[in-house]
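Contents: one structure, followed by commentary.
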Amino acid sequence: MSVVGFDFGNENCLVAVARQRGIDVVLNDESNRETPAIVCFGEKQRFIGTAGAASTMMNPKNSISQIKRLVGRQFSDPELQRDIKSLPFSVTEGPDGYPLIHASYLGEKRAFTPTQVMGMMLSNLKGIAEKNLNAAVVDCCIGIPVYFTDLQRRAVLDAATIAGLHPLHLIHETTATALAYGIYKTDLPESEPLNVAFIDIGHASMQVCIAGFKKGQLKVLSHGFDRSLGGRDFDEVLFNHFAAKFREEYKIDVAQNAKASLRLRAACEKLKKVLSANPLAPLNIECLMDEKDVRGVIKREEFEEISIPILERVKRPLEKALSDAGLSIEDVHMVEVVGSGSRVPAIIKILTEFFGKEPRRTMNASECVSRGCALQCAILSPTFKVREFQVHESFPFSISLAWKGAAADAQNGGAENQQSTIVFPKGNSIPSVKALTFYRSGTFSVDVQYSDATDLKAPPKISTYTIGPFHSSKGERAKLKVKVRLTLHGIVSVESATLLEEEEVEVKVTAEQMDTDKASGESDVNMQDAKETSDAAGTDNGVPEPVQMETDSKAEAPKKKVKKTNVPLSELVYGALQSVEVQKAVEKEYEMALQDRVMEETKDKKNAVESYVYDMRNKLSEKYHEYMTESEREAFLVKLQEVEDWLYEDGEDETKGVYVAKLEELKKVGDLVEMRYKESQERGTVIGQLGHCV
Ligand code: ATP
Ligand code: K
Ligand code: MG
């Protein structure tokens with residue numbers, strides 16, 4: 001099994017692998033650690049990663065970037081609407097209300113889902129890992145932002161499936177960073193935890209995590225985030241600044257021109273980086289638009305001033321994380337900053353002021369997420385021995401289960417009697433399973449939803465489960481135990497429903513068990529409106545408090561023999577792909593990958609013909625010179641020249657088979673002379689008499 005961690009960034013992706021000696025961040029084909037999250041659709045193939053980035057300027061409308069912003073989001077999402085305004089490619093609303101990305105691929109207009117495109121990128125990253133490990137990669141851990149919704153998490157899993165990956169754990173990026181920080185520390189305290197705040201400012205968003213470290217463990221105390229505060233927002237400020245300037249000075253409207261926008265944005269990003277280290281930065285772009293060269297300059301102070309609306313927002317996630325952790329500033333012992341977006345000096349200033357201490361950069365700011373992911377994968381892998389280190393993760397949202405009260409139809413004249421209970425409160429540990437008890441006479445449904453979706457900007461309803469049919473031999477209402485799971489990935493689903501029927505077998509009962517029984521007996525009597533609430537919990541005070549499975553062994557002890565029957569369950573997750581759709585996407589990806597491979601091989605074969613021509617020509621004038629007659633050599637040289645010309649003309653764009661045949665054709669002659677040369681080398685002499693050549 002493979003042990004690999006992926007940091008899938010909005011701009012940069014990193015791949016880390018575990019080897020016996022430790023964790024390595026590996027290089028891609030272009031010898032870079034960071035691989036741009038870009039897929040460029042071409043006339044004959046796709047270009048992904050660094051190759052995609054190289055093609056972007058030439059082909060901006062077909063270069064898909066920032067896919068992390070688009071996966072698992074509704075088209076109508078205001079954040080998505082804002083994002084797509086500055087993207088050079090076309091995004092429209094699909095029939096299901098989710099975005100579709102349009103690109104011209106193989107000379108045809110094609111539409112792709114964001115999940116599909118993410119699958120392409122993951123597949124590319126998988127390839128990088130495989131090349132480095134020289135083995136197939138399937139099992140892995142993938143970093144995700146803590147603010148990803150249930151649907152976004154599912155989309156990442158689907159994208160992974162499309163790429164042929166099997167994530168053991170989607171891990172919050174900041175938690176991965178915390179793990180990479182803590183696991184190597186040998187001086188962690190035994191009792192009072194060391195509290196560290198991790199701040200990751202990346203390309204598009206900001207995340208905060210406060211974790212308490214003790215010997216052999218880390219406990220995530222709280223999370224904070226701003227989904228739309230990252231490096232690109234500073235680029236945008238500069239972009240708008242210069243676009244307005246150029247409108248005035250040069251009478252050009254950059255925003256109207258995709259390529260000019262792309263170039264100005266790229267120049268502004270460079271400018272921003274220069275400003276991180278210098279008080280002043282110039283901007284020069286030749287022939288930006290309407291054949292006009294533009295120039296400008298900006299001081300760091302001015303940049304910080306126009307960035308105030310963004311900088312003002314940095315404090316909020318910090319405050320929230322601190323208050324959710326129940327800590328005061330003095331309780332935070334250390335502040336670690338990661339993510340390349342945090343290199344803006346004004347951000348560091350705000351962090352310093354807020355925490356009253358200089359934030360540290362002891363971690364490799366761009367690699368730590370991927371390293372943490374690989375470490376997590378190694379911890380989960382049975383084949384790897386990792387230092388004992390426990391990660392206690394905390395869930396960032398509050399999840400409820402909602403249902404219609406069974407008494408509604410009879411007593412309220414059909415009025416809806418909506419009830420709900422919080423199953424996983426914010427801060428719940430991950431993973432977790434809870435059980436709820438329902439008393440029902442027939443098929444019913446429950447909704448899984450966010451208790452508070454205001455901060456999420458997602459539709460509150462996640463999924464609906466229909467439970468049934470079932471048949472209770474006792475008639476009336478049957479007792480059902482419904483298990484709800486919060487997975488390691490932070491995805492919630494109803495896992496099972498079990499019909500519980502007591503059978504007439506008497507078993508000796510202890511006092512404690514009598515009490516338990518009395519409690520549920522009472523709710524059997526108070527069967528009216530409140531019934532559902534108390535039943536959902538099975539607790540004595542009527543407050544719905546789901547039972548923690550891991551700890552409910554006491555309630556499990558049977559007074560009577562309980563017959564358990566599995567009840568069928570159907571799942572509807574809003575906006576999620578059906579498994580057949582994922583399967584189709586897997587097949588499509590396979591086809592596209594095949595096409596890419598064929599094109600790569602074609603290029604290789606074409607290159608092989610070309611280098612054969614050059615190589616043979618050189619050899620004919622030197623070491624093979626004497627092994628051909630004058631006329632043979634002349635003829636062969638003519639032939640080589642013809643092939644070279646052909647490569648630049650008719651043969652420029654041929655199929656793989658044609659190049660293979662062409663090489664064979666040349667080799668027929670070339671091999672002969674090569675053979676003569678070899679034979680003579682073996683004999684140590686030069687043959688005087690030459691045979692006839694084709
Ligand atoms: P995300 O974490 O949001 O998914 P990501 O992981 O791809 O995105 P990073 O690679 O951490 O993002 O950061 C990319 C951002 O960092 C870009 O906006 C880039 O311009 C910015 N950046 C890189 N170097 C500097 C620098 N020296 N000064 C300022 N910003 C920088
Ligand atoms: K990154
Ligand atoms: Mg990142």
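Only aspartates and glutamates eight or more places from LYS678 in sequence, or on another chain, were considered; those with a Cα closer than 16 Å are GLU622, GLU626. Considering all C-alpha pairs of the chain, those separated by over 40 Å amount to 47%. Note: relative contact order over segment 231-311, using C-alpha pairs below 8 Å and six or more positions apart, is 28 percent.
What's the angle, to the nearest 10 degrees (0 to 90), between helix 114-133's Cα axis and the longest principal axis of the chain? Approximately 60 degrees, to the nearest 10. Share of the chain's accessible area from carbon and sulfur, percent, 1.4 Å? The nonpolar share, carbon plus sulfur, comes to 50 percent. Every helix of 4 or more DSSP H residues in the chain counts as -39500 (n - 2.57), and over all residues that averages to -12000 deg cm²/dmol at 222 nm.
Shown here: segment 298-384, whose C-alpha atoms stretch 54, 35, 20 Å along the first, second and third principal axes, sorted largest to smallest. For the chain, the longest principal axis of the C-alpha atoms and the axis of helix 579-621 are separated by about 20°.
Backbone amide hydrogens, once placed in the peptide plane, bring GLU502 within less than 5 Å of LYS563, excluding anything fewer than 5 places away on its chain. Straight Cα distances below 17 angstrom link LYS434 to the lysines LYS426, LYS479, LYS481, LYS483, LYS554, with same-chain residues fewer than 8 positions distant left out.
With distances taken between every two different alpha-carbon atoms, segment 76-223 has a Kirkwood hydrodynamic radius of 18.0 Å.
Over the chain, Cα pairs under 8 Å with separation of 6+ residues give a relative contact order of 12 percent. How about LYS245: which lysines have a C-alpha closer than 16 Å to its C-alpha, ignoring those fewer than 8 places off in the same chain? Filter leaves LYS292, LYS299. Computed from the Cα positions only, the extents of segment 231-311 along the three principal axes stand at 33, 21, 20 Å, in decreasing order.
Taking all C-alpha pairs of segment 580-683, those more than 24 Å from each other amount to 40 percent. Solvent-accessible surface of segment 231-311, averaged per residue with a 1.4 angstrom probe and all protein chains in place: 53 square angstrom. Ranked by the mean number of other Cβ atoms within 10 Å per residue, highest first, peptides 356-366, 371-381 order as 371-381, 356-366. Packing order of peptides 492-501, 391-400, 152-161, highest average first: 152-161, 391-400, 492-501 (average count of other Cβ atoms within 10 Å over each peptide's residues). Using Cα atoms only, what is the angle between the long axis of helix 368-380 and the major principal axis of the chain, expressed in degrees (0 to 90) to the nearest 10? Long axis of 368-380 versus the principal axis of the chain: about 60 degrees. With θ taken as phi - 60° and the Karplus curve 6.51 cos²θ - 1.76 cosθ + 1.60 applied, the whole-hertz 3J(HN,Hα) list for segment 151-166 is 5, 5, 5, 5, 4, 5, 5, 5, 4, 5, 4, 4, 7, x, 9, 10 Hz, x standing for glycine and proline.
The values are calculated or read from the model by the stated rules, or taken from the named source; none is laboratory data. These numbers were taken from a predicted model, which means no experiment stands behind them. A quick note on method: Cβ atoms are made from the backbone with ideal geometry, for glycine too, and the neighbour counts reach across all protein chains shown. Quick note on the areas: whole protein, heavy atoms, side chains included, nothing else; ligands and nucleic acids left out. Shrake-Rupley method; radii C 1.70, N 1.55, O 1.52, S 1.80 Å.
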